[in-house]
């Protein structure tokens, strides 16, 4: 298991936030800053941080295709409605629906726990089998940057995909809006997130599956997964309120809300009806 010292990771994340504001010569500035701090981290991991940070500092070009984000609090049914990984025959995922309408679709699911940044997120949240261990306490003041870096890994691929053809679509489970609503609930200034992710693609449509927190906890009790650091009643109640006011904090694209307390089949029907109304 890879071990990362929290103090070193804290310094690195703070350096990235500071330096990516100034876009020119970012790679050299990060290398110099890392060398000056004598961080105890494997060279290949440091290189990954440098490479992905450049994506955050690369200006965003106009895109032709559509990006649809499916989001909501934990256990709201995002994965099921976006991609139907369990193959429920009663449902048609958004991904499959778009394919049936002759769209070419790129699928993204965040956090991507199997890469470096996703593994660090999993370790921070206290998830089992993350493949990495953070030694010490990573402050909330910088921990959110891990989610931005994880997203940045997918940003270049998504931009390239959307620029190829106007009928191309990206469907993502979670995107920047998730970082906004969760970290605002943790006391992080949303302007910091918007600044760091300013060059991340903005969605055309955001589908929020809204579920009462009490329902979320009932679903957690029937799940085999152990609740993580963010899966607690008080925090999720704040997150749900932030989702309800998402347009105030994240004014990009059009936002639609769906009642996730209904049966998965009924939620699915409403989602597909909305896609049809939007011309898909």
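The table for this structure:
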{"read-out": "The stretch 216-270: number of residues that are closer than 12 Å to residue 73 by Cα, assigned to a helix (DSSP H, G or I) and modelled with pLDDT of 90 or more", "value": "10"}
{"read-out": "Filter result for residue 242 (surrounded by 12 or more Cβ atoms within 10 Å (Cβ to Cβ), free of Cβ contacts under 8 Å to residues at least 12 places away in the same chain and within 28 Å of residue 127 (Cβ to Cβ))", "value": "no"}
{"read-out": "Candidate set: the stretch 226-239, residues that are in contact (Cβ under 8 Å) with a residue 40 or more places away in the chain and loosely packed, with under 14 Cβ neighbours inside 10 Å; chosen: the one farthest from residue 121 (Cα to Cα)", "value": "226"}
{"read-out": "Search result, residues across the stretch 191-212 that are in contact (Cβ under 8 Å) with a residue 60 or more places away in the chain, in a helix (DSSP H, G or I) and under 24 Å from residue 123 (Cα atoms)", "value": "192, 196"}
{"read-out": "All helices (runs of 4 or more DSSP H) inside the stretch 94-173 with 1 or more residues being under 15 Å from the mean Cα position of the chain (by Cα) and farther than 25 Å from residue 207 by Cα", "value": "116-125, 140-143"}
{"read-out": "Matching option when the condition is under 23 Å from residue 245 (Cα atoms), modelled with pLDDT of 95 or more and surrounded by fewer than 23 Cβ atoms within 10 Å (Cβ to Cβ), among 209, 188", "value": "188"}
{"read-out": "All positions within the stretch 20-49 that are at pLDDT below 95, under 23 Å from the mean Cα position of the chain (by Cα) and either under 17 Å from residue 200 (Cα atoms) or surrounded by fewer than 12 Cβ atoms within 10 Å (Cβ to Cβ) (or both)", "value": "20, 21, 23"}
{"read-out": "Every residue from the stretch 271-280 that is out of contact with any helix residue (DSSP H, G or I) (no Cβ under 9 Å at 6 or more places or on another chain), within 18 Å of residue 93 (Cβ to Cβ) and assigned to a loop (DSSP other than H, G, I, E, B)", "value": "278"}
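The values are calculated or read from the model by the stated rules, or taken from the named source; none is laboratory data. Note that the structure is a prediction, hence the values are computed from the model and not measured. Backbone-built Cβ (ideal geometry, glycine too); neighbour counts: all protein chains shown.
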